[in-house]
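Below: the structure, in C-alpha cells.
Every number in this text was worked out from the coordinates using simple rules, so none of it is lab data. Keep in mind that this is a model prediction, so the values were computed, not measured. When we count neighbours, we look across all protein chains shown, and the Cβ atoms used for this are built from the backbone with ideal geometry, even at glycine.
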C-alpha cells in the first residue's frame, strides 16, 4: 500500500505540473482528490492494516492530499494569470483608433416642464407644496364643496382603495391641507400626479400630471387671478401668447372659469391643434368658494383667494409638439434623446 501511495503521488504531481488549461486542472483535481480517487480507495483499505499501522498510514495519505491540494492551488493561479494575459493581449487597445462616444442620457420632457413651471411660479412669489397620492374623501371631495351625488365621486371616475381612501383625482387636497395648517397669507403651487378612471387615448390617461395654484390673502380679486395667469402664460410659452377666461362651474370656486391660451401652433389663426378655433383649453380657475374656507377654518369675511389648475402633460405636449400623450409614458429612448439640448 505504501508503494501504491508513492506511485499515485508521483503520477499526480507530473500530470498537474504539465496540465495546460483550467478545465483540465479541474478534472485532475476530481481524479486525484475526489470521492472515487485512488487516494480515497486507499483510505478505505485502512481497515486491512493492524491497529498499530493505521495512524501512520492514515497520516501519510492525508499528507499526500495536502501536497496535491497545494500544488493544484498554485497551478490554478499560474494558469489563471496566463489566461488573463492572453485575453489582455487579444483585447489590446489600438491608441490610433478614435474614441467611442458616450451614450448620454437626458431628462424626461415632463421633468423639464415640471422644473420650468416651478421656476416661473417661484419668480412670482409662490412656494411649492407637496402631498400624498393616496387621499381621503374629506380632503379630495368634501372639503372642496363636492356633493355626495357629484359624478366625480363615482367608481366610473375615481379609483378607490379601501376605508374611504382613494387615489387623488387632482392636487387640490394639497391646498386644503395647507389651509388647515397655515394662516393667510398663503401663496403656493401643488405639482404632482393625479388619477382618474379614463380610457387611454391620444389625449387622456388614467395617470396624469397637474399643477394647482392657490393665493389667499385680504383683498385678493379676480383681477389678481387673471394677471397671474397672464404672467405665467407669457413666461411659459413666449411673449406673443395670450390668455382668456370663460365662465364655467366648479364646486370649489365661485365664480369659476375655464382658462384658454392662444394656439402655440398657429398663433391664433386656426389650425389642427386648436381645431381652427385659435384657442387651446388649459385648465380651470376661479375664486375660492366661501364654503371651502369654512371647511378649513379661514374667515371668508376677511380673506379671499383664487385657485387654478393646469395640466402639465398638456403643457409639455404643446411646448414640444407631442401629438399623443402616451409618448410621455412609454420611455422610448428615441424620443427621450431628442431632449438632450433642453437639459439644464
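Just to confirm the number: angle between the C-alpha axis of helix 172-181 and the first principal axis of the chain, 0 to 90 degrees, nearest 10? For helix 172-181, the angle is close to 80 degrees.
The structure-derived value of Rg and Dmax of the Cα atoms in Å appears in the list (i) 24.6, 90; (ii) 37.8, 112; (iii) 19.8, 60 under the label (ii).
Sort the following peptides by mean Cβ neighbour count (other Cβ atoms within 10 Å, averaged over residues), highest first: 38-48, 232-242. Working shown, then result.
On the way: 38-48: 13.3, 232-242: 16.5.
Order by mean packing, descending: 232-242, 38-48.
Taking the Cβ of each residue in 319, 275 as the centre, tally the other Cβ atoms inside 10 Å and list the residues starting with the fewest.
Values: 319 17, 275 11.
Listing 319, 275 from fewest to most nearby Cβ atoms yields 275, 319.
Could you work out [θ]222 nm for the chain from helices alone, using -39500 (n - 2.57) per DSSP H run of at least four and dividing by all its residues? Round to the nearest 500 deg cm²/dmol. The partial results should precede the final answer.
Values: 12 runs with 141 residues, N = 344.
So the helix-based figure for the chain works out to -12500 deg cm²/dmol.
Please report the spacing between the Cα centers of segment 101-165 and segment 189-211 in Å, no decimals. Cα centres, segment 101-165 to segment 189-211: 8 Å. Sorting 215, 303 by the number of Cβ atoms found within 10 Å of their own Cβ, with the fewest placed first, yields 303, 215. Axis of helix 109-123 versus longest Cα principal axis of the chain: the two differ by about 50°, to the nearest ten degrees.
Comparing Cα centroids, segment 268-304 and segment 43-99 end up 79 angstrom apart. Each Cα pair under 8 Å and six or more residues apart adds its sequence gap; the mean of these over the residue count of segment 115-209 is a relative contact order of 32 percent. Put simply, when 254-260, 8-14 are sorted by average Cβ atoms within 10 angstrom per residue, most first, you get 254-260, 8-14.
The angle separating the long axis of helix 54-90 from the principal Cα axis of greatest extent in the chain is about 50 degrees.
Dividing the mean sequence gap of close Cα pairs (under 8 Å, 6+ apart) by how many residues segment 2-89 holds gives a relative contact order of 37 percent.
Percent relative contact order of the chain, based on C-alpha pairs within less than 8 angstrom and at least six residues apart? Working shown, then result.
Values: 493 pairs, mean separation 51.6, N = 344.
It comes to 15 percent, rounded to a whole number.
Ranked by the mean number of other Cβ atoms within 10 Å of their residues, highest first, the peptides 328-340, 25-37 fall in the order 25-37, 328-340.
Legend: ranking of residues 289, 94, 136 from fewest to most surrounding C-beta atoms inside 10 Å; resulting order 94, 136, 289.
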